[in-house]
Every structure is written in C-alpha cells, then in structure tokens.
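The values are calculated or read from the model by the stated rules, or taken from the named source; none is laboratory data. From a predicted model like this one, the values you see are computed outputs, not experimental measurements. Don't worry about glycine lacking a Cβ; one is built from the backbone with ideal geometry, like all the others, and counts go over all protein chains shown.
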Amino acid sequence: MNIPQVNVPRLVIIGGGFAGINLVKALGNKPIQVVLIDKRNYHTFQPLLYQVSSAGLEPDSIAYPLRKIIKRYKNMYFRMTKVRSIDAEAKEIHTDIGVIGYDYLVIATGTKTNYFGNKAIEAHSMPMKKVPQALNIRSLILQNFEQAAITNDKAARKALLTFVIVGGGPTGVELAGAIAELKNQILPKDYRDLIASDMQIYLLEGGARVLSTMSDEASKKAARFLTQLGVLVHCNTFVKDYDGKKVTTNLSLQLESETLIWAAGVTGDVVKGLKAEALMERTNRYKVNAYNQVEGYPDIFALGDIALMASDAYPNGHPQVAQPAIQQAQLLGKNILKLMEGKPLKKFKYMDKGSMATVGRNKAVVDLKHYKFGGFFAWFIWMFVHLMALVGFRNRVLVFFNWCYNYINFDKASRLIIRPFYKLK
Ligand SMILES: Cc1cc2nc3c(=O)[nH]c(=O)nc-3n(C[C@H](O)[C@H](O)[C@H](O)COP(=O)(O)OP(=O)(O)OC[C@H]3O[C@@H](n4cnc5c(N)ncnc54)[C@H](O)[C@@H]3O)c2cc1C
C-alpha cells in the first residue's frame, strides 16, 4: 500500500463518511499515523442525495474529495480501495490493493440498502444510497418523461409517469415531495405535450404513519404537506413484489409502474473477519461498549451507523443518522489519544439535537426536545442546518445559489440525462 512505517502507532479508518471524516479531523497533526481507506475518493453528504435524484442539485455540490480533507494534516494517508476482510489476530486488513497492519482499527463503513431478502425487488428497484444511484434515478425520471412524450399507448404512458416510492422515512418523504415539485413546476413547462395530472407519485409505507421516528404531530403535518403536493400516501402498505412493471402489495393496491424507488431500509455494511458474537445479526451492526470498542476486540472500534451501542436511553442503539456518527467520532479521537497515554477513557453520551424533514418549498417539520413545529420557519431551519452541515465552503455556496435560484424561478437546474440509465428487461 506504500504507507511508510514510522515510530508512532498506526490507526486505520475504514470509511470516509460522517464518522470517518470527523475522526480524521479529531486526529489531525497528532502523534499517530492515520490511514483513511474508502472505496470511493469522496465523502457523500447523503441527506441531500434526494435533491440529486430529483434534478435539484448536481452531485459535485454534495460530494467532497477525501484527499482534500486530509491534505492539511501531515500524519494522514488516504487509499482508495475496498476493504475485504479483517484479520484481528494478525492485526491486518485485506483490501483490493494489498494488506496493511494496524495498531488501532476503526470500522466506519455505514450501511447499505436492505431488500429484506426480496431478490425481485433488488433486481428491479432503484436504491438511493450512493451518488451514482441518485444519478440513475435522475436519468430514469427524465428518460421516462421523454419516453412518455412519444408514447401513444395510454397504459404505457401511465406506467412511465407513475413513480412509486417505498418507505415513508425522511428519505422517502423528502424524495416524494421533490418529485411532486418536478410534476407541479417542471412538467407543465418543459413537457407541454404531456398532461401533468397523468403523472402520479405514490408513497407506500409499511407502518401506520410516515416519519415514524418523529412525533405524531410531525407525521401528520408531513402527510398533509405531501397530500397538498399531490402525493398519494398509503400507510400500512407493504410492497411484496415488483417485476419492473407491476408493483404488488399486501393490500388490493396494485400499480403498473416503470419506476420503483426503494427507500425502505438499510442494514450494516459489515466487513468479514470478526467473530459472529461481535455482530448484532438482525441489523448487522457491531456491538460496541460506551467507548465504541467492538465487543471482544480492545483495539477495534466501530462508529456511526455500523455501531450498536446499547444504553438505557437507547436500548437498540442510537438512531442511524449523522449526529451520533459525528459525536462518536469526535469523542473517539480524544479517547484514542488518552489510550496511547494510558489515561482513562471517557464514556459516550449522545446529545440529541432533534430531527427534521422537508417535504418541499416552505414545507418542513422539526422536532426539538421541547418544541415541535412545521411550515415555513421549519423549512428555513432545515435549509440552514443542512447548508452548515455540508462539507466544504464551495459546496455550501453552490447549494445556496441553487436553492435561491430554484426558489425564485420555481426551477430545478440539473435536468440532464448525462449518463442514461438502462433498466433490466
Ligand atoms: C438518502 C439518505 C438520506 C439521509 N438523510 C439524513 C438526514 O437528513 N439527516 C441525518 O442526520 N442523516 C441522514 N441520513 C443518514 C446519514 O447519512 C447516516 O447516518 C450517516 O451517513 C452515517 O455516517 P457513517 O460515517 O456511519 O457512514 P457513511 O456516511 O455511510 O459512510 C460510510 C463510508 O464507508 C465506505 N465503505 C463502506 N464499506 C467499505 C469497505 N468495505 N471498504 C472501503 N470503504 C467502505 C463508504 O464508501 C462510505 O464512504 C441519510 C441517509 C441516506 C442514505
């Protein structure tokens, strides 16, 4: 891997997501060698992926080069490769470009899409966890519009213009709202040969309400906002099958649709090699103690979405959102230095800053500890928080400019089919 051997301990981080990059920042220019490994050469700001999918933002405004993050620290190295396995006994990890030893290892690999074992859905649906997947969705939506414009067959046109989103969590809700804005603002102007009311957006949720991790109030408001935008929200509805043409649910609802976007769940992106006992099987998350040490491995830590730290307040682990990943990484940075100096470590305590979701222009919901609200002010807060959380000044400027432009012009600037998406036949 061409990493020099130096006389300070080596810490290897697998994953340059929220956890990985915050650990990098916490250990920058400290007396430890840090090797960051990721299969991509950029950090993805996943909360805004849905805006790439719905043609609101270009991908380069939500992705950030990992080398640009580490370049300011002399003790850091980056290698772009996929980690295949961990050999905890030899204290080595095996990657596509070779083997590297470690003194401390941090697993921050996040999650991947969970299809709950349904191979048909996996083969035919559109996931939205990565930048290329978001671009696939953007292409498919626009290709469907183009195809619908030249199709005389009414049923075929209807299927092209029926968009089904599965999963009523923040991702599904935000994406449904954004696609509804495409229908309401873009379709009538760009595609005068199509009738906007022919386009249908369904949001199918297996549970009793959308945004089930937020307050009842937020759920109700979000459902109302979606309905106002023309999204057809169906709760208690499980998708059982999708063959690329027909969506079958547990109810009598069956839909002919060329597009099914799967936002119904994630599972840990585990690296092979650790003992089965270290893993919570159902969710594929590593069991960690209050210092993020993986059960049975004092030198291996797990952070963020992939870590399951059970506590009285969070018996099933912390929510799989950015804040636990960021806060755990910041503390682990300090704890690693303490560990090297033989000092006692500090336990992790999660500070819940609240949760929020946006449905569209002037429509968002925010749940704070003592205050819950929705509407324009919530939307403004949502925009401010996301803008500030983005990595890199340039990205913040790009996103801010795009949002202002979209707001004033009722426009979505990135309606380009750069790389066509070909569906499985
Ligand atoms: C569409 C979407 C919307 C979201 N919206 C929000 C939101 O609004 N607010 C919020 O707080 N949270 C949101 N989340 C959740 C949030 O993005 C995650 O909780 C957060 O990214 C977790 O950070 P992490 O560092 O644990 O993992 P990630 O950010 O997922 O990073 C994992 C990294 O590990 C790398 N990796 C994985 N396996 C390997 C391997 N074997 N070898 C090398 N590299 C590997 C990946 O390439 C990736 O860069 C959203 C998630 C998604 C998917």
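Quick check: anything in the stretch 348-359 farther than 22 Å from Asn22 by Cβ, of a type outside the set (Val, Ile, Thr) and in contact with a helix residue (DSSP H, G or I) (Cβ under 6 Å, 6 or more places away or on another chain)? Let's see the steps before the verdict.
In the first step, residues of the stretch 348-359 are kept if they are farther than 22 Å from Asn22 by Cβ; the result is 357-359.
This time we only want the ones that are of a type outside the set (Val, Ile, Thr), so: 357.
Filter again for in contact with a helix residue (DSSP H, G or I) (Cβ under 6 Å, 6 or more places away or on another chain), leaving 357.
Yes, because at least one residue in the stretch 348-359 is farther than 22 Å from Asn22 by Cβ, of a type outside the set (Val, Ile, Thr) and in contact with a helix residue (DSSP H, G or I) (Cβ under 6 Å, 6 or more places away or on another chain).
What strands (runs of 3 or more DSSP E), lying completely within the stretch 75-190, carry at least 1 residues that are within 25 Å of the chain's Cα centre (by Cα) and not aromatic (Phe, Trp, Tyr)? It would help to see each step written out before you state the result.
On the way: elements: 76-80, 83-87, 92-95, 98-101, 104-107, 111-113, 162-166.
Filter on the stretch 75-190 gives 76-80, 83-87, 92-95, 104-107, 111-113, 162-166.
Considering only residues that are part of a helix (DSSP H, G or I) and under 19 Å from the mean Cα position of the chain (by Cα), which ones fall in the stretch 385-408?
So the first thing to find is which residues in the stretch 385-408 are part of a helix (DSSP H, G or I), and the list is 385-389, 393-408.
The answer is Val385, His386, Leu387, Met388, Ala389, Asn395, Arg396, Val399.
Pick out the one residue from Thr95, Thr111 that is closer than 20 Å to Leu279 by Cβ and either within 11 Å of the ligand (Cβ to nearest atom) or in contact with a helix residue (DSSP H, G or I) (Cβ under 9 Å, 6 or more places away or on another chain) (or both).
Values: Thr95 fails: closer than 20 Å to Leu279 by Cβ.
Of Thr95, Thr111, the one residue that is closer than 20 Å to Leu279 by Cβ and either within 11 Å of the ligand (Cβ to nearest atom) or in contact with a helix residue (DSSP H, G or I) (Cβ under 9 Å, 6 or more places away or on another chain) (or both) is Thr111.
Is it fair to say Lys349 is free of Cβ contacts under 8 Å to residues at least 24 places away in the same chain and not aromatic (Phe, Trp, Tyr)? Reasoning before the result, please.
Values: free of Cβ contacts under 8 Å to residues at least 24 places away in the same chain: yes; not aromatic (Phe, Trp, Tyr): yes.
Against the criterion (free of Cβ contacts under 8 Å to residues at least 24 places away in the same chain and not aromatic (Phe, Trp, Tyr)), Lys349 qualifies.
Is there any pair linking a residue in the stretch 106-117 that is crowded, with 17+ Cβ neighbours inside 10 Å to one that is of a type in the set (Lys, Arg) and at pLDDT 95 or above, with Cβ under 6 Å and at least six apart or on different chains, and which?
So the pair list comes out as Thr113/Lys129.
Any residue at all in the stretch 42-62 that's more than 9 Å from the ligand (Cβ to nearest atom), among the small types (Gly, Ala, Ser) and either in a strand (DSSP E or B) or without any contact (Cβ under 8 Å) to a residue 24 or more places away in the chain (or both)?
no
Report the residue count in the stretch 230-277 for those that are more than 22 Å from Phe421 (Cα to Cα), of a type outside the set (Val, Ile, Thr) and within 16 Å of the ligand (Cβ to nearest atom).
Total meeting the criteria: 6.
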